[in-house]
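Peer 1: The following block contains the structure, expressed as structure tokens.
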Amino acid sequence: MTRAVPQVLLIDDGDHYAEVIQRHIPEIALIQPLPDAPRRAIGDGPAAIAYLSQHSDAVDAVLLDMHFDVPETHLYPLADGASLRRTRRFQGVAILREIRARFPHLPVVLLTSREDLALADASFALAGQSMTYVLGTNDLDTLRIRIHAALSDAGQVAEEAHILWGADPVMRTLRRRMQVLARGRMPVILEGETGTGKSWLAEKFIHVHSGRSGAFVVLDLSTIPTDLIPAHLFGAVKGAYTGAIETRKGVFEVAHKGTLLIDEIQNAPLDVQKQLLFVLQEQRIRPVGAHREVAVDVKVVVASNRLLHSEVAQGRFRSDLYMRLSPATRIHIPPLRQRPGDLRFLAERFVARTVADPDVAALRDEVARGLGMAAGMPIALDIGRTPPHRDSDTGISLTIPEPAWRTMHAHAWPGNIRELETLMHNIAVFTLVGAVDAIRQGVRITSPQLQVDPGLIGELLRATQLSLVPDTAPGPGPDPASGTDTAPDTDTDGAHRDQVMVHIARADTLNSVAKHVERQYFTALYQRCHRDFAQMARVLLGDETKARAVRLRFNQLGLKVRDFDR
Amino acid sequence: MMPPHTSDADDVLEGLLDLQHDLAKYLRMPVAMLPADASASDLRAALHQALLETRRRGTDTRTAWQLWQSFLDNAPPALVSHPRFAALSQSVSAAWQLREALDESRPMPPRQTLLDTLGAVATHLQHLIAEWTP
């Protein structure tokens, strides 16, 4: 959070910027790094890094010059072994790299003149992390706007209106860009691996910030038979095709004056893509079988877990439609593994959300009563052997052992945010059910710090990895044994992944919950392995000769092969 | 006219790039950083800084003309005879000519005129660099 008067550190070997800023941008305060020296700037990279190492909490943003005419010993080298003159000319890039490595959340505005800027040299350091102020025609206004944007980003809350942004600078940039793109009628492309929250962001952020009065409507093209996609999109009149027993509106009409998310757009057949292009250009649709067109005013958001330009290159996506979707401003949501700094924040929030579920809250309250504590307190998440002290006033905590936390950090998170949410949900439920079981059986527990079984975390994470087995089979359908759902997903690499969500009743025991999860897991794996127990044994036990043991467990879980033949 | 690709040519290019920063950027920056509705006295102060305090580091202050002359002292004949060089030289002279406006008895040109004249140095320098780059 920034202060009332934001404190900004200027890194510049000259005095011009300091004078200009002090005179014309009084709404920010330039830091005086050395109390005994009047200069409101710090003159080279190493000195700046040394200062930030001591005082980064007191700095809201950094303004960084590009060219530094300082002695060689005060320069950071450029990565490519550049000449001294070049190193001076692009010293801002080298300093920016150091800042990014050590203070990743600190907003930086890179000050440079258009003539100095060599985007090819700086882009690696600038991408999604800093803003560049380029001397142009309205330099003062531009600089003000850039500084304001950087400070706004720094003050951005990690969570707003059901959206968990986290603190990663990439997410800040993404939020800023989405806020702009939400306005107007230009379509928006959201790309990202499965589970990164594309649909959620479309609904909870883009639609909300669009200012549109109509509804938010979603159509997931991966769930609709190909030949029915036009009717779902554009509507159909009665009798237009076999089974069209009544006239129905398509999602474009339903979303009139609102926002339409077309999810998994890459699944649209080429002829439908042509129709979509027409709709985007003309703002009119023609329902299937109709003779008249209908005008629509819709903000279109398309989402894909594949890179659409690759689909274009492979001839699966029309280039004219792609260009009409404004690819230059497409939003790529980073996978969770590229945001390790947000892992803890997200894990904590997902535990809190899990406990908001009345059934889980009942478990928590039963544990609280067993500990002689008040019901209804939040559950905290602690990491490692020396978590903060907890007592009856601070409530219950789930403590993840340090090695398990490291394992979570090293995990690739192929299911991204959704996978983490599921994991934290399962961790909370399993740990609470374990404690409840113990209390019901008369075991006396005294500490509100419930340790999460590290074996459980490893097991749950491995279950995700199992679904990375190369496969071309379709994803699993409903669990024939339990009727619960596993959600199939297809990622950019074409692999299918499963999410298992535990639904529990108040009277469930740890054993029954565990068995429930295991049954879902076996169901998904059985289909994933083409109903081949030897392949399942290889996946589960690393030894396909143990197919018999796997088959036995399959039966013990109440699963029957014949149920899968129906 | 493309120069021969030699280490000398690289040195010249480096010199041009440094000039871009030391002279062109700071010639324009003080005026460009003023608000659009800056007063004549603000413009005069900025022009003074642009022309007479173009490079100022600590107690070392150099004028735009000194920076230009220093560059000329080391400029090789191949560069000076380049067709683009004359235009650059004229743009520096025109910018330097603006110092007449520092006299308070003279009228101050509008901000945009100052920006166009001072910014022309960067533009011509950019063209020269583009043609000099192997």
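The values are calculated or read from the model by the stated rules, or taken from the named source; none is laboratory data. Every value quoted in this text rests on a predicted model; they were computed, and no experiment measured them. Cβ atoms come from the backbone with ideal geometry, glycine included; neighbour counts cover every protein chain shown. With ligands, DNA and RNA removed, areas are computed over all heavy atoms of the protein, side chains included. Shrake-Rupley method; radii C 1.70, N 1.55, O 1.52, S 1.80 Å.
Peer 1: Return the total of residues in region A:510-566 being without any contact (Cβ under 8 Å) to a residue 60 or more places away in the chain and part of a loop (DSSP other than H, G, I, E, B).
Peer 2: The total comes to 5.
Peer 1: Let me ask something additional. Residue by residue through region A:407-421, note down the ones that are in contact (Cβ under 8 Å) with a residue 40 or more places away in the chain and more than 14 Å from the chain's Cα centre (by Cα).
Peer 2: From region A:407-421, those in contact (Cβ under 8 Å) with a residue 40 or more places away in the chain are A:407-409, A:411-421; that's our starting set.
Scanning region A:407-421 gives A:Thr407, A:Met408, A:His409, A:His411.
Peer 1: Something else about it: Going residue by residue through region A:382-396, is there one that turns out to be open to solvent by 10 Å² or more (accessible area, probe 1.4 Å), within 27 Å of A:Ser199 (Cα to Cα) and either over 28 Å from the mean Cα position of the chain (by Cα) or assigned by TED's automatic domain parsing to the domain that holds A:Leu456 (or both)?
Peer 2: Scanning region A:382-396 turns up no residue that is open to solvent by 10 Å² or more (accessible area, probe 1.4 Å), within 27 Å of A:Ser199 (Cα to Cα) and either over 28 Å from the mean Cα position of the chain (by Cα) or assigned by TED's automatic domain parsing to the domain that holds A:Leu456 (or both).
Peer 1: Does at least one position in region B:18-39 carry a residue that is open to solvent by 60 Å² or more (accessible area, probe 1.4 Å), among the polar types (S, T, N, Q) and out of contact with any His (no Cβ under 6 Å at 6 or more places or on another chain)? Give the derivation first.
Peer 2: Within region B:18-39, the subset open to solvent by 60 Å² or more (accessible area, probe 1.4 Å) is B:36-37.
In the following step, the residues that additionally are among the polar types (S, T, N, Q) were identified as none.
The answer is no; no qualifying residue exists.
Peer 1: A follow-up question, please. Please go through region A:121-178 and pick out each residue that is touching a helix residue (DSSP H, G or I) at 6+ places or on another chain (Cβ under 8 Å), within 14 Å of another protein chain (Cβ to nearest Cβ) and modelled with pLDDT under 80.
Peer 2: A:Asp121, A:Tyr133, A:Val134, A:Leu135, A:Gly136, A:Thr137, A:Asp139
Peer 1: Same structure, new question: Given the conditions (1) modelled with pLDDT of 85 or more; (2) within 12 Å of chain B (Cβ to nearest Cβ), report the number of the one that A:Ala37 does not fulfil.
Peer 2: Result: A:Ala37 passes all but (1).
Peer 1: Using the structure shown, decide if B:Asp73 is at pLDDT 90 or above and exposed (fewer than 12 other Cβ atoms within 10 Å of the Cβ). Don't jump to the end; show me each part of the working.
Peer 2: Numbers: at pLDDT 90 or above: yes; exposed (fewer than 12 other Cβ atoms within 10 Å of the Cβ): yes.
Spelling it out, B:Asp73 is indeed at pLDDT 90 or above and exposed (fewer than 12 other Cβ atoms within 10 Å of the Cβ).
Peer 1: Against the condition out of contact with any Cys (no Cβ under 7 Å at 6 or more places or on another chain), open to solvent by 30 Å² or more (accessible area, probe 1.4 Å) and within 14 Å of chain B (Cβ to nearest Cβ), how does A:Pro71 come out, does it pass?
Peer 2: Values: out of contact with any Cys (no Cβ under 7 Å at 6 or more places or on another chain): yes; open to solvent by 30 Å² or more (accessible area, probe 1.4 Å): yes; within 14 Å of chain B (Cβ to nearest Cβ): yes.
Spelling it out, A:Pro71 is indeed out of contact with any Cys (no Cβ under 7 Å at 6 or more places or on another chain), open to solvent by 30 Å² or more (accessible area, probe 1.4 Å) and within 14 Å of chain B (Cβ to nearest Cβ).
Peer 1: I'd like the full set of residues that are charged (D, E, K, R) and open to solvent by 40 Å² or more (accessible area, probe 1.4 Å), limited to region A:12-48.
Peer 2: First, pick out the residues of region A:12-48 that are charged (D, E, K, R): A:12-13, A:15, A:19, A:23, A:27, A:36, A:39-40, A:44.
Result: A:Glu19, A:Arg23, A:Glu27, A:Asp36, A:Arg39, A:Arg40.
Peer 1: Now a separate question. In region B:82-115, which residue that is open to solvent by 50 Å² or more (accessible area, probe 1.4 Å) and in contact (Cβ under 8 Å) with a residue 40 or more places away in the chain is nearest to the other protein chains (Cβ to nearest Cβ)?
Peer 2: Per the criteria, the residue is B:Arg84.
Peer 1: Among the numbered criteria (1) within 18 Å of A:Met178 (Cα to Cα); (2) without any contact (Cβ under 8 Å) to a residue 24 or more places away in the chain; (3) surrounded by 15 or more Cβ atoms within 10 Å (Cβ to Cβ); (4) not acidic (Asp, Glu), which single criterion is violated by A:Ala328?
Peer 2: Here A:Ala328 clears every test but (3).
Peer 1: Something else now. I want to confirm something. Restricting to region A:58-77 and keeping residues that are free of Cβ contacts under 8 Å to residues at least 24 places away in the same chain and in a loop (DSSP other than H, G, I, E, B), which single residue is farthest from A:Ala41 (Cα to Cα)?
Peer 2: Taking region A:58-77 as the starting set, the residues that turn out to be free of Cβ contacts under 8 Å to residues at least 24 places away in the same chain are A:71-73, A:77.
With in a loop (DSSP other than H, G, I, E, B) added as a condition, the list becomes A:71, A:77.
On the way: A:Pro71: 17, A:Pro77: 21 Å.
Among residues in region A:58-77 that are free of Cβ contacts under 8 Å to residues at least 24 places away in the same chain and in a loop (DSSP other than H, G, I, E, B), the one farthest from A:Ala41 (Cα to Cα) is A:Pro77.
Peer 1: With A:Val429, A:Val360, A:Val367 as the choices, which residue is over 26 Å from the mean Cα position of the chain (by Cα), at pLDDT 90 or above, open to solvent by less than 20 Å² (accessible area, probe 1.4 Å) and not small (Gly, Ala, Ser)? Can you show your working first?
Peer 2: On the way: A:Val429 fails: over 26 Å from the mean Cα position of the chain (by Cα); A:Val360 fails: over 26 Å from the mean Cα position of the chain (by Cα).
One residue alone meets the criteria, A:Val367.
Peer 1: Additional query: For B:Arg55, only one of the following conditions fails: (1) within 14 Å of chain A (Cβ to nearest Cβ); (2) over 25 Å from A:Ala18 (Cα atoms); (3) not aliphatic (A, V, I, L, M). What is its number?
Peer 2: Unmet for B:Arg55, out of (1) within 14 Å of chain A (Cβ to nearest Cβ); (2) over 25 Å from A:Ala18 (Cα atoms); (3) not aliphatic (A, V, I, L, M): (2).
Peer 1: Now, a different point. Within region A:282-310, which residues are open to solvent by 50 Å² or more (accessible area, probe 1.4 Å) and farther than 23 Å from A:Val237 by Cβ?
Peer 2: Listed by number, the residues that qualify are A:Arg306, A:Leu307, A:His309.
Peer 1: When you look at A:Ser83, is it in contact with a helix residue (DSSP H, G or I) (Cβ under 9 Å, 6 or more places away or on another chain), within 14 Å of chain B (Cβ to nearest Cβ), small (Gly, Ala, Ser) and free of Cβ contacts under 8 Å to residues at least 60 places away in the same chain, yes or no? Before you say what the answer is, go through the steps one by one.
Peer 2: Details: in contact with a helix residue (DSSP H, G or I) (Cβ under 9 Å, 6 or more places away or on another chain): yes; within 14 Å of chain B (Cβ to nearest Cβ): yes; small (Gly, Ala, Ser): yes; free of Cβ contacts under 8 Å to residues at least 60 places away in the same chain: yes.
Here the answer is yes, as A:Ser83 does meet what is asked.
Peer 1: For region B:68-81, indicate whether the set of residues that are within 13 Å of chain A (Cβ to nearest Cβ) and under 13 Å from the mean Cα position of the chain (by Cα) is non-empty. Give the derivation first.
Peer 2: Step one: of region B:68-81, the residues within 13 Å of chain A (Cβ to nearest Cβ) are none.
Taking every residue of region B:68-81 in turn, none turns out to be within 13 Å of chain A (Cβ to nearest Cβ) and under 13 Å from the mean Cα position of the chain (by Cα).
Peer 1: Taking region A:331-376 as the region of interest, how many residues are more than 23 Å from A:Gly442 (Cα to Cα), in a loop (DSSP other than H, G, I, E, B) and touching a residue at least 12 places away in the same chain (Cβ under 8 Å)?
Peer 2: First, pick out the residues of region A:331-376 that are more than 23 Å from A:Gly442 (Cα to Cα): A:331-358.
Restricting the remaining residues to those that are in a loop (DSSP other than H, G, I, E, B) gives A:333-335, A:339, A:357.
Filter once more, keeping what is touching a residue at least 12 places away in the same chain (Cβ under 8 Å): A:333-335, A:339.
Going through region A:331-376 one residue at a time, the tally reaches 4.
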